[in-house]
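Asks: Sharing a structure here in structure tokens format.
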Amino acid sequence: MPDTHYAPPRSIAKGLIIGLIAGMAGSAAKTVGELIYQPRTLGQTPPPLVLADKIVGHPVAHPTAVIQAIHYGFGGLTGAVYGAAAEVFPIVTTGYGSVFGVVLQLFTHESLVPLAGLDVPATQQPAREHLSELFSHILFGICTEAVRRILCKRYA
């Protein structure tokens, strides 16, 4: 008996493009999550702004726009990598993207961001910041996966 289940061909290029779009949608969800449960309540400078100031060598003009550009750019980039990986290794979508969000949070805010001097060491960050970042990254991952699935079905 022939297999009647249709599985669309896997495409890394499609995964990259869809992941880019999905990651930007995930970034929007993360932004909303951070409005609800703010990570920095002690007046700390957001890491994207610290990065931008380091790159240009002085405080940037239009800091809110710069923060959002970096935020959405990074979200789109990580979404693109996630989308391509999901095409080849579907296991990365475990937990409907929530595991991706947690791994991203651990890799960035708990390690690389402090190591790059963009924030204080994780051990010195308030518990609220850890919880907010965890919450907003899980939201990012779930939204990224939801949009990725919708677009994959639409453009199968």
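Asks: What angle, in degrees between 0 and 90 and rounded to the nearest 10, separates the Cα long axis of helix 12-36 from the longest principal axis of the Cα atoms of the chain?
Replies: 40
Asks: Let me ask something else about it. Would the range 28-156 count as rounded, prolate or oblate if I go by the C-alpha gyration tensor, calling it rounded below 1.5 in a/c and otherwise prolate when a/b exceeds b/c, oblate otherwise?
Replies: Here the range 28-156 falls in the prolate category.
Asks: Let me ask you something else. What does the charge count around Phe140 come to, taking other residues whose C-beta lies under 14 Å from its C-beta (Lys +1, Arg +1, Asp -1, Glu -1)?
Replies: Taking every Cβ under 14 Å from that of Phe140, the sum is -1.
Asks: Just to confirm a number: summing +1 for Lys and Arg and -1 for Asp and Glu over residues other than Arg40 whose beta-carbon lies under 15 angstrom from that of Arg40, what do you get?
Replies: So the environment of Arg40 carries a net charge of -2.
Asks: Between 0 and 90 degrees, rounded to the nearest ten: what's the tilt of helix 63-88 against the longest Cα principal axis of the chain?
Replies: The helix 63-88 is inclined about 30 degrees to the chain.
Asks: Let me ask something else about it. Compute the acute angle (0 to 90°) between the alpha-carbon long axis of helix 98-107 and the principal axis of greatest extent of the alpha-carbon atoms of the chain; round to the nearest 10°.
Replies: Compared with the principal axis, the helix lies near 40 degrees.
Asks: Tell me whether the range 1-98 comes out rounded, prolate or oblate; compute the Cα gyration tensor, take square roots of the eigenvalues as a ≥ b ≥ c, and use a/c under 1.5 as the rounded threshold.
Replies: Working: a/c = 3.81, a/b = 2.35, b/c = 1.62.
Prolate, because a/c is 1.5 or more and a/b exceeds b/c.
Asks: Next question. May I ask for the net charge around Val113, where only other residues with Cβ less than 13 Å from the Cβ of Val113 are counted and Lys, Arg are +1 while Asp, Glu are -1?
Replies: Neighbourhood net charge equals -2.
Asks: Here's a follow-up. Once you place label points 7 Å from the Cα toward the Cβ at Thr94 and Ser11, how far apart are they in nm?
Replies: 2.9
Asks: Would you mind computing, in nm to one decimal, how far apart the modelled labels at Phe74 and Ile36 are, each placed 7 Å from Cα along Cα→Cβ?
Replies: It works out to 2.1 nm between the two label points.
Asks: Which lysines have a Cα less than 16 Å from the Cα of Lys14, not counting those fewer than 8 places away in the same chain?
Replies: Straight-distance partners of Lys14: Lys153.
Asks: With charges set only on the Cβ (+1 for Lys and Arg, -1 for Asp and Glu), what does the dipole of the chain come to about its Cα centre, in debye to the nearest 20?
Replies: 400
Asks: GNM on the chain, C-alpha springs below 10 Å: top fluctuator among Ala116, Ala61, Ala86?
Replies: Ala61
Quick note: the coordinates plus some simple rules give every number you see, no bench work behind them. Since we're looking at a predicted model, the values are computed, not measured. Every residue, glycine among them, receives a Cβ derived from its backbone with ideal geometry; neighbour counts consider all protein chains shown.
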